[in-house]
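Below: one structure, written as structure tokens.
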């Protein structure tokens, strides 16, 4: 994938892009001159909700940094079943495995909300890290958090039933959104995130509703009893 993403969405103006760059934790403490160079070598674009902006056949090795919105990374099985690998929120990196010589093989990236995304080539990122090692430490910190979340999801998939997986997911998303009311996720999204079918997810959600643990609205789920939902998540 080329480092320019003009065809993926509208591009931020230079002053706006510099402001967003300066707000990113991963680039804190860079000098004004380094920030100017960063501004020159990166592209920041808005990507509308529903746009798939990375596909498995994309050839480039790039780092994405999500500034605003949410992105879903997923794979499609040979049978056409979708498996969500991760749902990412603001200030999250993805594509960083290019630094280890690994691309996002077989992975799609889709904006599930309107997004503001920074794109940097692997070569430019390596040059920046050589000059500013603290950038690498911040990238490792963010990547480590994602790996811990992935390990938790794998453990849930291996050892827990669907109710526990869904309860864990609801609690985690509520924490990420910093609200007891979760928005923007359909029953299909939830099903694909825990490795089941929509009908099964809907039935489990209705069971949780019947127990008074959650309330269900259109693309909105409100947690009514966090403590009891946490018990389900650990069952």
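The values are calculated or read from the model by the stated rules, or taken from the named source; none is laboratory data. Note that the coordinates shown come from a computational prediction; the quantities given were computed from them, not determined experimentally. Cβ coordinates were reconstructed from backbone atoms using ideal geometry, including for glycine residues, and neighbour counts include every protein chain displayed.
Worth a mention:
- Any hit, the range 96-103, residues being under 22 Å from residue 139 (Cα atoms), modelled with pLDDT of 80 or more and not in a helix (DSSP H, G or I): no
- All positions within the range 76-95 that are closer than 18 Å to residue 57 by Cα and assigned to a loop (DSSP other than H, G, I, E, B): 77, 78, 80, 95
- Those strands (runs of 3 or more DSSP E) of the range 120-235 in which 3 or more residues are surrounded by fewer than 18 Cβ atoms within 10 Å (Cβ to Cβ) occupy 214-217.
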